[in-house]
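J.: Take a look at the following structure, please.
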Amino acid sequence: DAGVTQSPTHLIKTRGQHVTLRCSPISGHKSVSWYQQVLGQGPQFIFQYYEKEERGRGNFPDRFSARQFPNYSSELNVNALLLGDSALYLCASSLVGLAGASYEQYFGPGTRLTVT
Amino acid sequence: AQRVTQPEKLLSVFKGAPVELKCNYSYSGSPELFWYVQYSRQRLQLLLRHISRESIKGFTADLNKGETSFHLKKPFAQEEDSAMYYCALRTKPGAGSYQLTFGKGTKLSVIP
């Protein structure tokens, strides 16, 4: 297994544009989370999806949205891009066990988004 | 709201010296804490979690609820320990919910 994969690796967008980032979880993992990592900061939680439903949302504006597909892959969408959205966007997947117990999160390599 | 504080941005130690990376947290519920590590040009990976009480690559961390701390320690630093270290707090708002709050990270540099 290649682990969590994300595409694209790098992306340059202009202010006001829209962007879609993609994530494929490890096979068998049904939970996917998205994090934003601004330079010099730790990752900040954006969303978590489990079984195609949103299970958690961080303190991000409505310009940020996400969804999870039947194959458990996920997309993160950001509308009306601002300069401050420039960051590394990380995806993480995990197993979810009985009674909803979650296990270790495995991170992807990230997508580097630059907004000019 | 939960918060994780790592007071040192950069920590430099000589090879063979002891290492302690500090982490303090603020959370009203029962905490579940982790240390993640990111080596150069590699992805973020779990180093250890307080629940398992294991030692990975010689590192240990003890949860001190009284001091709300989860410091990472290693008795003898190795050059390959040079990396970025993040302390993280997990909260579980509901079944199947999994949210990590990270500190800003500490860059450990081991001097040969």
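J.: What's the average, rounded to a whole number, of partner chain beta-carbon atoms within 10 Å of each residue's beta-carbon in B:98-107?
T.: The shielding value for this peptide is 6.
J.: If you take the C-alpha gyration tensor of the protein assembly as shown, multiply each eigenvalue by 5 and take the square root, what semi-axes do you get, largest first, in whole Å? It would help to have the intermediate numbers written out before the result.
T.: On the way: eigenvalues 171, 87, 53 Å².
Over the Cα atoms of the protein assembly as shown, the ellipsoid semi-axes are 29, 21, 16 Å.
J.: Partner chain Cβ atoms within 10 Å, averaged over the residues of A:22-30 - can you pull that number for me?
T.: Rounded to a whole number, the mean comes out at 0.
J.: Per residue of the range A:44-61, in order, report the coupling 6.51 cos²θ - 1.76 cosθ + 1.60 (Karplus, θ = phi - 60°) as ³J(HN,Hα) in whole Hz, putting x for Gly and Pro.
T.: 10, 5, 10, 8, 10, 10, 9, 6, 6, 10, 5, 10, x, 9, x, 7, 10, x
J.: Can you tell me the length gained on complete extension of the stretch A:Arg67 to A:His10, counting 0.36 nm per residue apart and subtracting the Cα distance?
T.: Going from the current span to full extension adds 18.4 nm.
J.: Rounded, prolate or oblate, given the Cα gyration tensor of the range A:1-72, with a/c below 1.5 counting as rounded? Kindly include the intermediate steps, with their values, before the conclusion.
T.: Numbers: a/c = 1.57, a/b = 1.34, b/c = 1.17.
It comes out prolate by the Cα gyration axes.
J.: Can I ask one more? Of the GluC sites (Glu not before Pro) in the range B:1-97, which ones lie in a loop per DSSP and count no more than 16 other C-beta atoms within 10 Å?
T.: In loop regions of the range B:1-97 (DSSP not H, G, I, E or B), the sparsely surrounded GluC sites (Glu not before Pro) are B:Glu8, B:Glu54, B:Glu67.
J.: By the gyration tensor of its Cα atoms, with a ≥ b ≥ c the square roots of the eigenvalues, what is the shape of chain B: rounded for a/c under 1.5, prolate for a/b over b/c, or oblate?
T.: Details: a/c = 1.95, a/b = 1.75, b/c = 1.11.
Note, shape of chain B comes out prolate.
Rule-based calculations on the coordinates, nothing more; no lab input. For clarity, every value in this text was computed on a predicted model and none was experimentally measured. Every residue, glycine as well, gets a Cβ built from its backbone with ideal geometry; the counts of neighbours run over all protein chains shown.
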